[in-house]
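The values are calculated or read from the model by the stated rules, or taken from the named source; none is laboratory data. None of the values given here were measured: they were computed from a predicted structure. We place every Cβ from the backbone using ideal geometry, glycine too, and count neighbours over all the protein chains shown.
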Amino acid sequence: MMEMNEMKKTLNRLLYVVDDQFDFVMKDGKLPVPDAEDIIEPTNAFFKALKPTDFDEAIFTYDTHFIDEYTRSPEAELFPLHCEYGTKGWELVVDDLEVSRKIKTYYMTKNTFDAFGDNPLRADANIAFAGGLEKKVYNNLRIVTTDRKCVDAGLARDAYFERVNEQTEVCVTGVASDYCVHDAMLGLLKRGASVVVLSDLVKGIGTPVEGRAPSGKIEDVLKLDVFKPFVEAGKLNVMTSKEYLAKLDNEQKQKPKPKRRRASGWAFKF
């Protein structure tokens, strides 16, 4: 189990990857986001270009459902069953291992659009599971773990994100711009973080739902009333992945280089 004393007290920079899963990204997924396949290659290129010093940590979220659980979910009124645990549709389609080789990486499951929201089902709901593994993963919803299958124990979501505050910059990628990305950005901003969303690494659905951007485009998401104060305060910005990498490189170059200590020696006179 992860212990708080093993982790940095404050995260300076966090990479937050939202739901880049088969069912959302691939055309033959259960709930494909239009043109989301187009972000796979640039996302992997971005991951490959990252250096170990670019982020303190990374976190990948998984939308996660189970057959009986989903029939009781409010989402079932809007969308078909998707991202069912244990199926291909649940799996990531971007190369998280490219990130975890260089940067401490965590994973978190959720069964709502909002990763910072609560489970909509009652704690005593008598949900039928296909087996003990499914039940264990369900009980781990909103637990942050180093296990990419999200079976092993970890740290409660709110305890993990206590380290996100006014000193933290969070870089956000993933799907869908107008749903889970929208909610992730808002949750991070409410915790005081600055957020940079990478426009070429996100895609939206585009639905005429109140409070969501009908176009699904990230630029229109940022124009919503709920985000305007953060944009005006400079707390929420949009960049391309190449622009963000250039920003990281520039910051690295501007860091003062450690002074080299001159070797000391002894002088002897004979």
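Sort through 73, 100 and tell me the only one that's at pLDDT below 95 and touching a strand residue (DSSP E or B) at 6+ places or on another chain (Cβ under 8 Å). After applying the criteria, what remains is 73. Among residues belonging to region 79-96 that are over 18 Å from the mean Cα position of the chain (by Cα) and surrounded by fewer than 19 Cβ atoms within 10 Å (Cβ to Cβ), point out the one that is modelled with the lowest pLDDT. Among those that are over 18 Å from the mean Cα position of the chain (by Cα) and surrounded by fewer than 19 Cβ atoms within 10 Å (Cβ to Cβ), it is 79. Each residue in region 153-185 was checked for being of a type outside the set (D, E, K, R), out of contact with any helix residue (DSSP H, G or I) (no Cβ under 9 Å at 6 or more places or on another chain) and more than 14 Å from residue 59 (Cα to Cα), and 4 of them qualify. Among the residues of region 1-50, those that are modelled with pLDDT of 95 or more, in contact with a helix residue (DSSP H, G or I) (Cβ under 8 Å, 6 or more places away or on another chain) and part of a loop (DSSP other than H, G, I, E, B) comprise 11, 19, 20, 26, 27, 29, 30, 31, 32, 33, 50.
Looking only at region 135-166, count every residue that is assigned to a loop (DSSP other than H, G, I, E, B), basic (Lys, Arg) and either in contact with a Leu (Cβ under 7 Å, 6 or more places away or on another chain) or closer than 15 Å to residue 115 by Cα (or both) and tell me the total.
Of the residues in that region, 1 qualify.
Only residues that are of a type in the set (S, T, N, Q) and more than 19 Å from residue 108 (Cα to Cα) were counted across region 11-42, and they come to 1.
Screening the candidates 245, 188 for the property of being farther than 24 Å from residue 63 by Cβ and part of a helix (DSSP H, G or I) yields one hit, 245. Listed conditions (1) among the aliphatic types (A, V, I, L, M); (2) crowded, with 19+ Cβ neighbours inside 10 Å; (3) in a helix (DSSP H, G or I); (4) out of contact with any Ser or Thr (no Cβ under 7 Å at 6 or more places or on another chain) are all met by residue 99, apart from (4).
Residue-level check: of (1) closer than 16 Å to residue 181 by Cβ; (2) free of Cβ contacts under 8 Å to residues at least 60 places away in the same chain, residue 95 misses just (1). With respect to the numbered conditions (1) of a type in the set (Ser, Thr, Tyr); (2) buried (at least 22 other Cβ atoms within 10 Å of the Cβ); (3) not in a loop (DSSP other than H, G, I, E, B), which one is the sole condition not fulfilled by residue 177? Among (1) of a type in the set (Ser, Thr, Tyr); (2) buried (at least 22 other Cβ atoms within 10 Å of the Cβ); (3) not in a loop (DSSP other than H, G, I, E, B), residue 177 violates only (3).
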